[in-house]
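Structure below; questions to follow.
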Amino acid sequence: MKFLIFGGSGFIGSYLTKYINKNGGEAVPASRSGGENGIAVDICDEKSFGAINFQPDVIVNCASIVPQKGKSSKDPEFLKELFLTNTVGAVNIANWAVKNKISQIINCSTLVVVKKPWPNPLKEEYEALPGGAHAGYCMSKLSQEQLMDECVANGDVKLTHVRLSAVYGEEMVPEGIIFNILKKLMKNEEVQLIDAEKNTVDFINVEDVCRGIYAIGRSTSQYNRINLASGEPVSIYNLAVQLKELTHSDSPIVNSVSSEVGSEANIDISRLQQVIGSTYNSFIPLKEGLDNVVSKFKREN
């Protein structure tokens, strides 16, 4: 089975390309630069798609602009960047797929298209318009889903939106909650947390994301949306404890409690389980995956 991976030079896209090629499929990456053995395509430019000389069975859209430190959803220039890539670029991909009679598109979306706090459990059918500090990103991804659906409506292209939880792995950008805690621990500084026991996150290793996407690509299921998560939420406090054990740090972990309601990430993954089959419960344990992240961070810092 042949896969064309848009965003193939990014974190998930590069892992996915290697995973598919290693496990019996054929994957070709596409990105602005083209990269090694890839195709140079700017998804924001419809004319750029003329460079594609590969006919895949499945397209995977991993291309995305994500929240960035120091950039706000109230910044019009950043909003343009978000919507140009995440929404317009995705529409260009969907239109190209329809025009070239590609049988399937897998679109990498995100669980944060749904506003928090989430219900317990969070199922694919639940809807609530996102808000908050990263509303621009969330809305660009929600618009991505809805407009791609419009592009393939009444056609023969099967479209599945894969809603990703918190993806982590060795090659991830060293930002976010894992690295905020890790940097403190490495310096033996106090780790100050707020409501860390009542706020949970569902972390999933990028290797398991690749396994899920590859399984969806080969599946005959007709799900329009699939939650791609581990199904095993961990509290922020427990995350800090695990990282402390892995780093052998002497840092104290201090958790302050506020009156605010906690945010739980109990994700329903029954659709994912059906697609992957009996091996779904063999996801990489969080502590094992974190150990690899910590080891790489130590080598480079």
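All of the numbers you see were taken from the coordinates with simple rules; none came from a lab. Keep in mind the model is a prediction, meaning the values are calculated, not measured. Cβ: placed from backbone, ideal geometry, glycine included. Neighbour counts: every protein chain shown.
Enter the per residue convex hull volume of the stretch 1-130, computed from alpha-carbon coordinates, in Å³ rounded to the nearest integer.
Normalising the Cα hull of the stretch 1-130 by residue number yields 144 Å³.
Amide H of ALA27: which non-local residues (sequence gap of 5 or more, or other chain) have their own amide H closer than 5 Å, using H built in the peptide plane?
It is PHE3, ASN21, by chain and number.
What residues have an amide H closer than 5 Å to that of ILE39, excluding those fewer than 5 places away on the same chain, when H is modeled at 1.01 Å from N in the peptide plane?
Residues meeting the criterion, in which the H sits 1.01 Å from N, are ALA30, SER31.
Same structure again: Please list 228-239, 143-154 highest first by mean number of surrounding beta-carbon atoms within 10 Å per residue.
228-239, 143-154
On to the next question. At 4 °C and 1.567 mPa s, grab the translational diffusion coefficient of the chain from Stokes-Einstein with a Kirkwood Rh over Cα pairs, rounded to a whole number in µm² per second.
65 µm²/s
Let me ask something else. Can you run phi through the Karplus equation (6.51, -1.76, 1.60; θ = phi - 60°) for the stretch 55-62 and list ³J(HN,Hα) in whole Hz, with x for Gly and Pro?
9, x, 7, 9, 9, 10, 9, 9
Still on this structure: Using amide H atoms built in the peptide plane, which far-off residues or other-chain residues are under 5 Å from GLN104 H to H?
ILE59, LYS158
Once the principal axes of the Cα atoms of the stretch 110-170 are found, what is the range along each, listed largest first in whole angstroms?
35, 30, 24
Still on this structure, I have one more. Which lysines, on any chain, are close to LYS244 with Cα under 23 Å apart, when same-chain ones fewer than 8 places away are left out?
LYS183, LYS184, LYS187, LYS198, LYS287, LYS296, LYS298
Moving on. State, as an integer percentage, the relative contact order of the chain based on alpha-carbon contacts under 8 Å between residues 6 or more apart.
Averaging sequence separation for qualifying contacts and normalising by length gives 17 percent for the chain.
Let me ask another. Near LYS47, which lysines are there with a Cα under 29 Å away, not counting those fewer than 8 places off in the same chain?
Within the straight-line cut-off, LYS47 pairs with LYS2, LYS18, LYS80, LYS99, LYS101, LYS141, LYS158.
Quick one: if you stick a label point 7 Å off each Cα along the C-beta vector at GLN274 and SER72, how many nm between them?
For the pair GLN274/SER72, the computed spacing is 4.4 nm.
Here is a follow-up. As a test, work out the antiparallel percent of DSSP beta bridges whose residues both lie in the chain, rounded to the nearest 5.
Restricted to the chain, the bridges split so that about 5 percent are antiparallel.
At a Förster radius of 25 Å, what calculated FRET efficiency corresponds to the Cβ-Cβ distance of MET172 and ASP149, to the nearest 0.05?
Plugging the Cβ-Cβ distance into 1/(1 + (r/R0)^6) gives 0.30.
Output the peptides 102-113, 256-267 sorted from most to least packed, where packing is the average of other Cβ atoms within 10 Å over each peptide's residues.
102-113, 256-267
Starting from the Cα-Cα distance between LYS101 and ARG218, subtract it from 0.36 nm times their residue separation and give me the gain in nm to one decimal.
Full extension from LYS101 to ARG218 adds 40.4 nm.
With each pseudo-label sitting 7 Å past Cα toward Cβ, what's the LYS298-ASN180 distance in nm, one decimal?
About 2.5 nm separates the two model spin labels.
In addition: If you take the beta carbon distance between ALA51 and ASN266 as r and set R0 to 35 Å, what does 1/(1 + (r/R0)^6) give as a FRET efficiency, to the nearest 0.05?
0.20
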